[in-house]
């Protein structure tokens, strides 16, 4: 470097055209160059490290390798979340020269083996293995199947203080020594070690080990994991290498995702961020909102927000029938809807016997027939029956009286306003939210079943790119009927260009269900954010996590975790812009501040109007 050549290279003279290294004189001389700008403010060389301005560096070289090197053995080092430089120098060795040396080495080993035999000593396994390896490598070199190289592998780590450097050094050593690879610090050669890891291609350390082609290839591919594609949305930042995690869920074999996180770990924040970015790519989004977290987002993007409760003005009639698709018949649509309704009544009545199940099935068919709806009907010109019509049919059937009595609370009791009225919701918008916060906990699984069934019927009407978001999905996993219906959505959604995003904080309830694991395996994207210690072992088994990934999930901050897409996965940090953050935040303090700001703005507008 022009200004610090005396500091960077021992014995080098200062540049004669620069009389001083004082900043004032540099500017006056007008010789400031890029390398002068990027140079550290000062440099101190010690036997164990270099002080580069405010940073400290320490360089190492690999001194020993095991007999066998496995594929990607160096990947744990490359993917460490630390700041360090790595240089690999590969110097080819002429094969003819190597073969002459091999002849001498083989003769030496043979001589040692014969000497031990003549003395009657026990065979030395190390000598036998060495002889076999030498003979095998010599044959491969003679047949041009392998080549030999002098390989230098150097690592320079960075830290703010010596304690930080010691910690990183210990971590790197433990990873490598577990693979029988040993490193040593470049004592009294820290300057040469640092220069050897700069992107200049200068091997100043010259500490080499001889490796043939096969073990050398295990150092490559010399890349870290990434999930960057040329299309899709930004999910976050790759914590390994700070690259962007760009992905398109509709480019995978299915379009489903599942997100697990403990309360407050940022799962709803991440989901709302994905929704906001997905809406920009001609995708319709429908959301099940159990906690009124998506109301402001719906308002911001001009969507529709339906509050589903006992006193709500929005109603859904579960007897509605969708129009048959191009490859569907009216008979199949009617049969499918009857099966779903049997599952709904099983949920509403707290379970059914086999006889009651048969009665319910027959009563549903007769209720449709009461409105002249059969397998041959045109569903465009029908008026679907209501829950009270079904109750009337059921009470007139043999064995149906007790079932009709159990149904009374849904037709005449306090819950009648929920499902005993014609449907009056319209989801013809790019973003639609169904809020279930005000629904009683006892009715939430029923409400989620009815709403998802209504959404499924609407999806089957017209083929469009859609994303269905089911937040707090553990509510649906409480019952086998709702869990089974959710699994059906996940499995059949691809046919209708639908991606299902399942989000839950109650991982234990989700995995206990017999439908939990099939939903996970049918989701091409899986997101694991910060987890609690009580559930981490079960997640480790389910997702085949390493111990390092397990502890990463335990120690992650809000919005950090692991992102799985197909066969790849990376550590991710979810980041939003300021504008996005103002729209999607769930932090109570931020929400309160935003509300106050909006109230002040409205108050100011009112005063101006007066």
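Only one of the numbered conditions (1) surrounded by 13 or more Cβ atoms within 10 Å (Cβ to Cβ); (2) in a loop (DSSP other than H, G, I, E, B) is violated by residue 438, and that is (1).
Checked against (1) in contact with a helix residue (DSSP H, G or I) (Cβ under 8 Å, 6 or more places away or on another chain); (2) in the same structural domain as residue 242 (by TED's automatic domain parsing); (3) under 29 Å from residue 327 (Cβ atoms), residue 566 meets all criteria but (1). Of the residues making up the stretch 490-502, those that are outside any loop (DSSP other than H, G, I, E, B) and surrounded by fewer than 22 Cβ atoms within 10 Å (Cβ to Cβ) are 491, 492, 493, 494, 495, 496.
Here's the yes/no breakdown for (1) free of Cβ contacts under 8 Å to residues at least 24 places away in the same chain; (2) closer than 23 Å to residue 305 by Cβ:
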| site | (1), (2) |
| --- | --- |
| 393 | no, no |
| 438 | no, yes |
| 441 | yes, yes |
| 445 | no, yes |
| 452 | no, yes |
| 469 | no, yes |
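Tallying residues that are within 18 Å of residue 337 (Cβ to Cβ) and either at pLDDT below 85 or touching a strand residue (DSSP E or B) at 6+ places or on another chain (Cβ under 8 Å) (or both) within the stretch 428-456 yields 4. Restricting attention to the stretch 250-291, the residues that are at pLDDT 90 or above and part of a loop (DSSP other than H, G, I, E, B) add up to 3. What do you reckon, is residue 113 touching a helix residue (DSSP H, G or I) at 6+ places or on another chain (Cβ under 8 Å) and part of a helix (DSSP H, G or I)? For residue 113, the condition - touching a helix residue (DSSP H, G or I) at 6+ places or on another chain (Cβ under 8 Å) and part of a helix (DSSP H, G or I) - is met.
Residues considered: 180, 134, 187. Of these, the only one that is within 33 Å of the chain's Cα centre (by Cα), assigned by TED's automatic domain parsing to the domain that holds residue 212 and either in contact (Cβ under 8 Å) with a residue 24 or more places away in the chain or under 17 Å from residue 63 (Cβ atoms) (or both) is 180. In the set (1) touching a helix residue (DSSP H, G or I) at 6+ places or on another chain (Cβ under 7 Å); (2) modelled with pLDDT of 85 or more, the condition left unmet by residue 336 is number (1). Filtered by the rule that a residue be in contact with a strand residue (DSSP E or B) (Cβ under 8 Å, 6 or more places away or on another chain) and either assigned to a strand (DSSP E or B) or modelled with pLDDT under 85 (or both), the stretch 558-572 gives 560, 561, 562, 563, 564, 565, 569, 570, 571, 572. Residue count for the stretch 404-429, restricted to those that are surrounded by fewer than 14 Cβ atoms within 10 Å (Cβ to Cβ) and in a loop (DSSP other than H, G, I, E, B): 7. Touching a residue at least 40 places away in the same chain (Cβ under 8 Å), surrounded by fewer than 17 Cβ atoms within 10 Å (Cβ to Cβ) and closer than 30 Å to residue 44 by Cα: does that describe residue 161? Yes, satisfied. If you check residue 200 against the conditions, is it in a loop (DSSP other than H, G, I, E, B), outside the structural domain of residue 468 (by TED's automatic domain parsing) and either in contact with a helix residue (DSSP H, G or I) (Cβ under 6 Å, 6 or more places away or on another chain) or surrounded by fewer than 18 Cβ atoms within 10 Å (Cβ to Cβ) (or both)? So residue 200 passes the test.
The values are calculated or read from the model by the stated rules, or taken from the named source; none is laboratory data. Keep in mind it's a predicted model, so treat the numbers as computed, not measured. Here Cβ is always computed from backbone atoms with ideal geometry, including for glycine, and neighbour counts include all displayed protein chains.
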